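The values are calculated or read from the model by the stated rules, or taken from the named source; none is laboratory data. Being a predicted model, the structure only gives us computed values, none of them experimental. Cβ atoms come from the backbone with ideal geometry, glycine included; neighbour counts cover every protein chain shown. Side chains are part of the model used for accessible areas, which takes the heavy atoms of the whole protein and leaves out ligands, DNA and RNA. Shrake-Rupley method; radii C 1.70, N 1.55, O 1.52, S 1.80 Å.
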Amino acid sequence: MSASSLPPRSRKRKSYYEIINGVKYDRGMIQAALKHRINKEDGKKDLIRVKGAKAIISEALDGGKYTSTEKKTMEYLRNRFCFSKKAKVHMDHQLQKFAGKGRTAEEIISKLEGTIVDIEASFEKFRKTVKSAKADVEYTVKQSQALLDQLRKTLGVKVRK
């Protein structure tokens, strides 16, 4: 397994990325593919089986996100290597599972509906609190006005209008 099987890189120092023909790819994914490839002598593409697919997926999802660079790398690897049927199924399943975090559409919709109900309940509680606060302020203003009127009467102060 030599790096000479890939086109030359434009950079010499090691980084998270592998630059191939001016395009940035995920180095870990490419190295996993190179490590697990089965070299075919008949001139066809090298084969990658399920074990290799698992290693590639592990590298692709290592950061907790499936980035655009990882998507480009996956496309590059699918064009560059031949994957067994089981390997293709495994990779597709893992990527779909990751994209949906393993939840079905019904579970996602149910969670969203529950969130909407929670938001509506919170809004109603807020509305009642504001209404109550407004009533308290109105009562306080009326109470203050009555106290001021009583004070004026007691002191004999007349208010000009």
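Yes/no per residue for (1) open to solvent by less than 20 Å² (accessible area, probe 1.4 Å); (2) of a type in the set (Asp, Glu); (3) closer than 20 Å to Lys97 by Cα:
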position: Lys24; (1), (2), (3): no, no, no
position: Lys44; (1), (2), (3): no, no, no
position: Val50; (1), (2), (3): no, no, yes
position: Ala53; (1), (2), (3): yes, no, yes
position: Glu59; (1), (2), (3): no, yes, yes
position: Phe83; (1), (2), (3): yes, no, yes
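Of all residue pairs spaced 6 or more apart or on separate chains, those with beta-carbon atoms under 7 Å, a first member in the stretch 74-85 that is farther than 20 Å from Asp62 by Cβ and a second member that is part of a helix (DSSP H, G or I) and of a type outside the set (Lys, Arg) are Ser84/Val50.
With the structure loaded, tell me whether Ile108 is aliphatic (A, V, I, L, M) and modelled with pLDDT under 70 or whether it fails that test. Spell out the reasoning first.
Details: aliphatic (A, V, I, L, M): yes; modelled with pLDDT under 70: yes.
Criteria met by Ile108.
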